[in-house]
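Structure first, then comments.
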Amino acid sequence: MRVIAYSILEQEKELLTKANSKVHDFTFISNPLTTDTMHFVEGKEVIVISDRDVLDRQSLENLYSLGVRSIITRSTSTTHIDLLAAGILKMHVANTPFANQTPDGIAAQVVQNLSNWMAGGCAGKACQCRMDCAKKSHDEIQKGGLTDAQ
């Protein structure tokens, strides 16, 4: 997958590169996602953000118009993303909810989400999508993600 990651620290870049093992085509940007840096997403399918990058409805519409269809946040929280607007746009959204919240663990979770999507699957427990999808039932959408057992 063609991926751009914003607000990347040098350590995160190294860990994502290691976890990725040249599977996905990453571009790393140390700057935060803003209207001035948004043009870098052109040609990318996925954007990886931090919890400091806010995606409101307008930002999501702009990203969608530039070709982005999936979002991964390097955080457990998704309060910085307008999930309902992302759902209306049919954008996939995932977080990094697993117990290992070390920088290594987060990098591994990001790459796992990408690999699941690349294989046509769901991000599982990390899925935060608010759209109907063959991979999730309506009840799971209402709860905001899949259960731990999935």
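The values are calculated or read from the model by the stated rules, or taken from the named source; none is laboratory data. Note that the structure is a prediction, hence the values are computed from the model and not measured. Every residue, glycine as well, gets a Cβ built from its backbone with ideal geometry; the counts of neighbours run over all protein chains shown. Accessible surface is based on the protein model in full, side chains and every heavy atom, while ligands, DNA and RNA are left aside. Shrake-Rupley method; radii C 1.70, N 1.55, O 1.52, S 1.80 Å.
Could you check, for segment 82-105, whether at least one of its residues is open to solvent by less than 80 Å² (accessible area, probe 1.4 Å), touching a Phe, Trp or Tyr at 6+ places or on another chain (Cβ under 8 Å) and free of Cβ contacts under 8 Å to residues at least 24 places away in the same chain? Within segment 82-105, one or more residues are open to solvent by less than 80 Å² (accessible area, probe 1.4 Å), touching a Phe, Trp or Tyr at 6+ places or on another chain (Cβ under 8 Å) and free of Cβ contacts under 8 Å to residues at least 24 places away in the same chain.
For residues that are in contact with a strand residue (DSSP E or B) (Cβ under 8 Å, 6 or more places away or on another chain), within 15 Å of V3 (Cα to Cα) and either among the charged types (D, E, K, R) or part of a loop (DSSP other than H, G, I, E, B) (or both), tally how many sit in segment 26-67. Count: 6.
Let's see how each residue does on (1) touching a Phe, Trp or Tyr at 6+ places or on another chain (Cβ under 9 Å); (2) acidic (D, E); (3) at pLDDT below 95; (4) under 17 Å from N113 (Cα atoms):
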site: Y6; (1), (2), (3), (4): yes, no, no, yes
site: L15; (1), (2), (3), (4): no, no, no, yes
site: N31; (1), (2), (3), (4): yes, no, no, no
site: V46; (1), (2), (3), (4): yes, no, no, yes
site: L55; (1), (2), (3), (4): no, no, no, no
site: Y64; (1), (2), (3), (4): no, no, no, no
site: I71; (1), (2), (3), (4): no, no, no, yes
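Within segment 5-25, being in a loop (DSSP other than H, G, I, E, B), among the β-branched types (V, I, T) and either buried (at least 17 other Cβ atoms within 10 Å of the Cβ) or without any contact (Cβ under 8 Å) to a residue 12 or more places away in the chain (or both) holds for one residue alone: I8.
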